């Protein structure tokens, strides 16, 4: 591995150069030669724990990136990525010899010293890399390839160190590879982590694959049938059998139970043009029996990580079901390599160069080098100076394995993790100005800030409009229960810490009238006393406490209730069966005894309740339900209808009852409406009803 004659490629990087030229025929290889010479001379004498010369590591990392099609600058930096960290080479020297871009990439992946940062070195190193990735995604590409080669050679480490590195890889690096679309690295990393952290399951999966290896492959027969159909239709296509990797087989086994040969892989159909993808789909659905529930169009609606393909499944002549992926050759390159397939995305003449901000739509895919999830991460990390908070928040953020796109009323879009609420959307759109959010409309309907958003929802956030509203608005502690994203949770926590006097809980802010707060012993509007009071023996503790009926479960007499004291001297009252009760008691929140006042029975009272109606979808269902409600003398405050799923639909009604005693009769009347098969109170799990 010594230095070659000037101008000639060293033998050690001949293979790298050949692979690189296959992707980039006109690449300048002289800079790679110079980088290798510097790296080899700098690392000379250093050995890896495996006993190999250290230079084998940067060479292996560079080959991984070259095989994925990385451009020359990335490969140059990958050859040098450990020189500043492990040798006497300085960043200034790298910059002088190879330019500012290479210097930046090498700096981005250089670890912080434990001697300076102690236990915070690892989280702060990742923070540094992520900030650098925000300016150049190639930083994370090099880090992912670096971790892949380290995982391949992890067997020489002690078992406890293997487990620690594998867990960080699982929690941080694999989700980052997924978000950057680098599936080729992600899948191999998953298998390597699987083998270390779950050796028994890995061994069983390996044994299963070995058993099937000696049997006829049903997917090979399916591939032949598909080739024949497409040839007869005159569609030029390449049909391949794509085996599943270990983790994928394991997941399918958990999902389906006993596996067949066709479960161990999928068919991959590669064509030239987008239109050919749909032509292939049409032929497959015409000549085979399609499994409609398996169809997904990620060409018309790409994933947030650039991924595009058509997914379907068809049953062949023997009844075996084969999953099929249909994509163009370019889509396949991007599916495997993600952002690495962009080449140098910052070159002004690059086909995928970032769109100028003035010309870009405000959305996830306007700039593939700065996706929405990365912008959100960079925004909240600056507000989390504590390394432990940053590290735990980063893992929580990356644990979200799916993103949704929400359309804003002003024409833009928001990318949010699955399960995000209107609270999360407010902070994603407005930052700290979201403190003044007072409600939302989702798909044109008034919604509480706790509403969980779905992919494709139309969202309008309602903000305090004048000084009086702004002065009285602000987060309540309950907002933390609805916030899923670190950006929202950190901003809310900071506001609550800075405004301890303003932490009285509020019902979920919404522009429609909300349940009022009542002073214990004071009359409610209209003379009614729809309130709960502190029970005898607990009133030495909370005299004159303000009492609020929780909006999540809307308790009414004679419900069994329980109270929770919060800052500001307020007691929030929940039904005992409310899911929020178990969550709060599990975190150690103390309870307060509460009871309904004697004489609660109605007489013009003002009781709110939220009911969920499950029904088979049919015309006039909404009209018939609201008519049944009105016939019981009950007013509808708000109603929402979810999109039908498998011919079933859910209606949510917030109702005003003159007398809580009418609730059982009302629920029976709603169940009697044709098509309705269940009516329940809010706060009870609907899993059984929707299964």
Inset, instruction - Note down the relative contact order for the range 400-502 as a percent, whole number, built from C-alpha pairs under 8 angstrom at least six residues apart. - result: 29 percent
Inset, instruction - List the relative contact order of the range 607-690 as a percent without decimals, with contacts defined as Cα pairs under 8 Å and 6+ residues apart. - result: 44 percent
Legend entry - Pairwise FRET efficiency - residue 215 versus residue 301, Cβ, R0 = 45 Å, nearest 0.05: 0.75
Inset, instruction - Just report the Cα centroid separation between the range 113-139 and the range 259-293, whole Å. - result: 43 Å
Inset, instruction - Kindly provide the Kirkwood hydrodynamic radius of the range 400-502 in Å, to one decimal, from all pairs of distinct alpha carbon atoms. - result: 13.6 Å
Inset, instruction - Can you put 332, 574 in order of Cβ neighbours within 10 angstrom, beginning with the fewest? - result: 332, 574
Inset, instruction - Please arrange 553, 287 by counting, for each residue, the other beta carbons lying within 10 Å of its beta carbon, fewest first. - result: 287, 553
Legend entry - Cα gyration tensor shape of the range 607-690, rounded if a/c is under 1.5, else prolate or oblate by comparing a/b with b/c: prolate
Inset, instruction - Sort the range 60-135 into rounded, prolate or oblate with this rule: let a ≥ b ≥ c be the square roots of the eigenvalues of the Cα gyration tensor; rounded if a/c is under 1.5, and if a/c is not under 1.5, prolate when a/b is larger than b/c, oblate otherwise. - result: prolate
Legend entry - Distance in nm between pseudo-label sites at residue 15 and residue 135 (7 Å out along the Cβ direction from Cα): 3.5 nm
Legend entry - For the range 131-279: relative contact order, % (alpha-carbon pairs under 8 angstrom, 6 or more apart): 19 percent
Legend entry - Between the range 62-89 and the range 376-441, the alpha-carbon center distance in angstrom: 34 Å
Inset, instruction - For the range 297-324 and the range 146-193, write down the distance between their C-alpha centroids in whole Å. - result: 27 Å
Inset, instruction - Once you have a ≥ b ≥ c as the square roots of the Cα gyration tensor eigenvalues for the range 212-339, tell me rounded if a/c is under 1.5, and otherwise prolate or oblate according to whether a/b is larger than b/c. - result: oblate
Legend entry - Computed label-point distance, nm, for sites residue 235 and residue 121 using a 7 Å Cα→Cβ extension: 5.5 nm
Inset, instruction - Pop the C-beta distance of residue 347 and residue 85 into the FRET formula with R0 = 22 Å and round what comes out to the nearest 0.05. - result: 0.20
Inset, instruction - Multiply the residue gap between residue 198 and residue 315 by 0.36 nm, knock off their C-alpha separation, and tell me the result in nm, one decimal place. - result: 38.8 nm
Legend entry - Two-site FRET efficiency, residue 481 against residue 291, from Cβ-Cβ distance with R₀ of 35 Å, rounded to 0.05: 0.35
Legend entry - Potential extension, residue 22-residue 92 segment - 0.36 nm per residue separation minus Cα distance: 22.0 nm
Inset, instruction - Fewest Cβ neighbours within 10 Å first, please rank 54, 36, 117 accordingly. - result: 117, 54, 36
Inset, instruction - Pull out the extension gain between residue 46 and residue 8, defined as 0.36 nm times the separation in residues minus the alpha carbon to alpha carbon distance; nm, one decimal. - result: 11.2 nm
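Laboratory data are not the source of any read-out in this text; all were calculated from the coordinates shown. Just so you know, these numbers come straight off a predicted model, no measurement behind them. All Cβ positions, even for glycine, are placed from backbone atoms using ideal geometry, and neighbour counts span all protein chains on display.
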